[in-house]
1. Could you give the alpha-carbon Rg of the range 234-298 over 2.2 N^0.38 Å, rounded to two decimals?
2. At 7 Å along the Cα-to-beta-carbon direction for both Glu25 and Gln257, put a label point, then send me their distance in nm to one decimal.
3. Using protein chains only and a probe of 1.4 angstrom, how many square angstrom of Arg307 are accessible, to the nearest 10?
4. Figure the gain on full extension for Thr76 and Glu8 (residue separation times 0.36 nm, minus the Cα-Cα span) and round it to one decimal in nm.
5. Pop out the carbon and sulfur fraction of the accessible area of the range 164-291 as a percent, whole number, probe 1.4 Å.
6. Quick one: length gained pulling Phe135 to Glu90 fully straight, 0.36 nm per residue minus the C-alpha distance?
7. Sorting check: for 194-203, 83-92, 295-304, 97-106, which peptide has the highest mean count of neighbouring beta carbons within 10 Å, and how do the rest follow?
8. Per residue, how much accessible area does the range 189-281 show when a 1.4 Å probe rolls over the protein heavy atoms, in square angstrom?
Amino acid sequence: MVNPAKQENFKKLQAMLNELPWYVEEYINHKLRKLSTASLFNYCHDYKIFFNWMITEQLWSGSIKEIPLERLEKMTVIEVEGFLNFLHYELNNKELTVNRKLSALKSLFNYLQNIAETPDLEPYINRNVMAKIEFNEVKESLETKANKMEGKILLGDEYERFRLFVAHEYGEINKENKKIFNFHQLNKERDTAIVSLILGSGLRLSELIGLDLEDIDFSKYSARVIRKGNKEQFVYFSQTAMDDLQEYLAIRILKYQVDKNMKALFVAAPIGPKGKTRRLTARSVEKLIEKYATAFGKPSLSVHKLRHSFATRYHAEINDVPKLRRQLGHSSIQTTMIYTHIKNDDLKIAVDKMDMPKEQID
C-alpha cells in the first residue's frame, strides 16, 4: 500500500535537490536506502544554508548548483569555523543544532573523499577539511541523560520477564533448532545466574567476570569485588540472585567438567576432547546478553544497561542515593544522581520490593 506521507516527503526532497549541486543528489541517492526521506530533506536544508552562506561571504560567485568539487576541496578550516560561528551567533543555533549541521557536512565530505569515485577510480576530492573540524562539546543535564537511558533499560515487570526469558523461554522458542536449543540447555543456569546477579547487585562487567568462588559470602548475600582504583569492596545481592546462583553452582562441576583447581565462578565449557574449562571472558558475557536481549525484543539492552536497570529499581524502592552510590562503586555522587531523574512512577506497583536482606542495607 502506498504511503501518502512518504510520497510527499520524497517529492519535497526531489524539489530541494533541484536547487543543489549534482554531487549532493548523488550522495542523497547513496543514503536513500538507509535514512528516511524526512532526515535526508533536513540534510539538504542544512547544505542549502551552507552553500548560501558561501555565496553571501563571496567564497563563490556563481549559483549554488554551480559550486564545483574543487571549491569544496579548497575550503579552509578558518572558513568552516566562520560558518559554524554564523550558525551560532547570527542564526542563534544551539550547540546541539550546530553539531547536527556539522555532522551532515562531515557525512557529505566523507562520501566525496572516501566513497564516491570517478570513472578513473579516483576520489571526488582528495582533501577533506571537515575531517579537521571538531564538534562542540555539549554538557548534558542529568535529566537529559536519564531520559536517553529510560528507553534502553528494564522497567516494571520487565526485570522478571527478562530473567524468566533467559531461564526458560529462549529455549522454548528455539526448540526446532537443535544446535541453539542444546546450547541453551547447557548454559541456561549459568546465563540466568549472570543476568540475575547483575540485576540483583548492579555489578560491572569487569567485576562480574573477575569473581571467584571464594568471593561469594553465602551467609551475607555478598560478593567481594575489586572496584575501580583497585579497591576491594563487598557488594550485596538479592535473594533471587542467590537462588539462581545456587542453581548454577549445583550443575557447574558436572556440566562444565570443572577441575578442582578452577577458582573462577563463571566458566565456559571446554572446547575439543582435550580442552580445559576456562573463565568466561568479558566478550562472551557481552555476546550472550546481546543474544538474549535481541530475542527478547529489546536489542538496546547490554551488560551496562542491566546495571542501569538495577540502579533505577534500587532508587525507586529504597531511595537512598549515598547507599546506591556505594553499591554501584561510583566515585562521584553526581553520577549516581542520574537515576533520581528517571521517570518510573509505576515501578512500585509493577515489581516486588527489592529483596536484598534488610540488615545489609539499613
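1. Values: Rg = 14.0 Å, N = 65, 2.2 N^0.38 = 10.7 Å.
Scaled against compact globular proteins, the figure is 1.30.
2. According to this spin-label approximation, the distance is 6.5 nm.
3. 10
4. 20.7 nm
5. 53
6. 14.4 nm is the gain from fully extending Phe135 to Glu90.
7. In descending order of packing, they fall as 194-203, 97-106, 295-304, 83-92.
8. With all protein chains present, the range 189-281 gives 49 Å² per residue.
The values are calculated or read from the model by the stated rules, or taken from the named source; none is laboratory data. Just so we're clear, the structure is a prediction, and the values are computed from it rather than from any experiment. Every residue, glycine among them, receives a Cβ derived from its backbone with ideal geometry; neighbour counts consider all protein chains shown. Side chains included, ligands, DNA and RNA excluded: accessible areas come from the protein's heavy atoms. Shrake-Rupley method; radii C 1.70, N 1.55, O 1.52, S 1.80 Å.
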